[in-house]
Amino acid sequence: MADGVKNHDDAGGLGGAGAGAGGGAHGGGEGGEGLAQRLIGEIDALRGELRKAQGAIQRAEQRQRLERAAIDASARDVLAAADALEQRIASGGGTVDVSQAVRELKRERPGLFGASRSAGAQEGTGGEGSENLEVLRERARSGDRASLLLYLQARRGGGGRE
């Protein structure tokens with residue numbers, strides 16, 4: 001990156017009042033064109049990195065929505081359910097509604113899900129919600145940040161006694 005700083009300094013000499021007949025360190029107009037091409041290349045590279053970062057953010061947000069949907073659906077294994085939802089949505093061209101995918105997954109793979117949350121489970125009186133919370137708590141202790149987030153969200157959502 002120090003080379004980029006040097007180039008930036010040189011560019012200041014190309015068009016400034018102090019530029020002599022030689023056009024600065026690059027010599028004539030050709031050097032300025034080379035610098036411009038290099039800068040355009042750097043801009044294009046940065047745009048590519050920005051697109052990659054935006055894609056990663058979108059994927060992370062989608063994954064969070066799927067994990068939240070799995071928690072809300074009382075998944076016994078939130079990560080496995082989220083993986084299955086992700087595969088289902090990807091196979092549908094990415095346009096499948098998450099709630100529709102959850103309903104289909106519950107119908108096709110009921111073992112992934114416990115009983116739906118009843119009023120008792122939401123109040124923390126036990127049942128599948130608190131078992132799920134215990135599983136999430138154990139995963140959270142592993143140090144994985146995503147697991148910790150899932151546990152805290154489930155706890156805040158009333159999935160168990162705390």
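Here, each number is a calculation from the coordinates, and none is a lab measurement. The structure presented is a predicted model; accordingly, all values stated were derived computationally and were not measured. Glycine also receives a Cβ, built like all others from the backbone with ideal geometry; neighbour counts cover every protein chain displayed.
Proximity of backbone amide H atoms, modeled 1.01 Å from N, is registered between Phe113 and Arg76 at under 5 Å, excluding neighbours fewer than 5 places apart on the same chain. The HN-Hα couplings worked out from phi for the stretch 141-152 by the Karplus form 6.51 cos²θ - 1.76 cosθ + 1.60 (θ = phi - 60°) are 5, 5, x, 6, 5, 5, 5, 4, 4, 4, 4, 5 Hz, whole numbers, x standing for Gly and Pro.
With the simple model of a label 7 Å out from the Cα in the direction of the Cβ, Ser91 to Arg38 spans 5.2 nm.
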